[in-house]
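Asker: Handing you this structure, nothing more for now.
The values are calculated or read from the model by the stated rules, or taken from the named source; none is laboratory data. Note that the structure is predicted; figures quoted are calculated from it, not measured. Note that each Cβ is placed from the backbone with ideal geometry, even for glycine, and that neighbours are counted across all protein chains shown. In case anyone asks, the SASA skips ligands and DNA or RNA and just uses the protein heavy atoms, side chains included. Shrake-Rupley method; radii C 1.70, N 1.55, O 1.52, S 1.80 Å.
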Amino acid sequence: MVNIPKARNTFCARCNKHCKMKVTQYKKSAESKTAQGRRRYDRKQQGFGGQSKPILRRKAKTTKKLVLRVECSVCKWKHQVPIKRTKHFELGGEKKRKGQMIQF
């Protein structure tokens, strides 16, 4: 379980100093129909001959690497920071406290 705060103090390359950064999780956007690889694949698939490229059936990994997107609150500069693989990820959740009584 990885819990990361929604704001962090990190170096901004544009401001050239440490600034308060807003942290969000990177999300992959929709694939573009005009990307070179997509156009090449569609051209190869045309006509007779069935499936031309292999389709991956067996997945090796059970998790994906997490990517955090940090945005400077001063100049709006954006940067992506990769972190380790994890199954459970939480952004801005409650911090664990040592020696606290369990609340019901």
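Asker: Determine the per residue accessible area of the chain with all protein chains present and a 1.4 angstrom probe, expressed in square angstrom.
Answerer: Working: 9760 Å² over 104 residues.
Ligands and nucleic acids excluded, the result is 94 Å² per residue.
Asker: Please give the Cα centre distance for region 1-29 versus region 32-46, rounded to the nearest Å.
Answerer: For region 1-29 versus region 32-46, the Cα centre distance is 35 Å.
Asker: Tell me which label goes with the value of Cα extents along the principal axes in Å computed from the coordinates here: [x] 60, 38, 29; [y] 98, 33, 19; [z] 67, 42, 20.
Answerer: [z]
Asker: Taking the Cα centre of the chain as the origin, how large is its charge dipole in debye, to the nearest 20, when only Lys and Arg (+1) and Asp and Glu (-1) carry charge on their Cβ atoms?
Answerer: Details: 31 positive and 5 negative charges, 63 e Å.
The dipole magnitude comes to about 300 debye.
Asker: Also: Which of the GluC sites (Glu not before Pro) found in region 70-101 are in a DSSP loop and have at most 16 neighbouring Cβ atoms, other than their own, within 10 Å?
Answerer: Values: sites: E71, E90, E94; in loops: E94.
Listed in order of number, the matching sites are E94.
Asker: Round to the nearest 10 and give me the degree value, 0 to 90, for the angle of helix 36-45's Cα axis relative to the longest principal axis of the chain.
Answerer: Compared with the principal axis, the helix lies near 40 degrees.
Asker: Can you find, among Q80, A60, C19, the residue farthest towards the positive end of the dipole of the chain? Put +1 on the C-beta of Lys and Arg, -1 on that of Asp and Glu.
Answerer: Final value for the positive-end residue is A60.
Asker: Residues of region 15-42 with amide nitrogen under 12 Å from the 7 Å Cα-to-Cβ point of K53?
Answerer: In region 15-42, the label zone of K53 (backbone N under 12 Å from the point 7 Å along Cα→Cβ) covers 35-42.
Asker: Hey, any idea what % of the chain's accessible area is carbon plus sulfur with a 1.4 Å probe?
Answerer: Working: 5060 of 9760 Å².
Whole-percent figure for carbon plus sulfur exposure: 52.
Asker: Further question on the same structure: Leaving out ligands, DNA and RNA but keeping every protein chain, what accessible area does R69 have, in Å² rounded to the nearest 10, with a 1.4 Å probe?
Answerer: The accessible area of R69 comes to roughly 90 Å².
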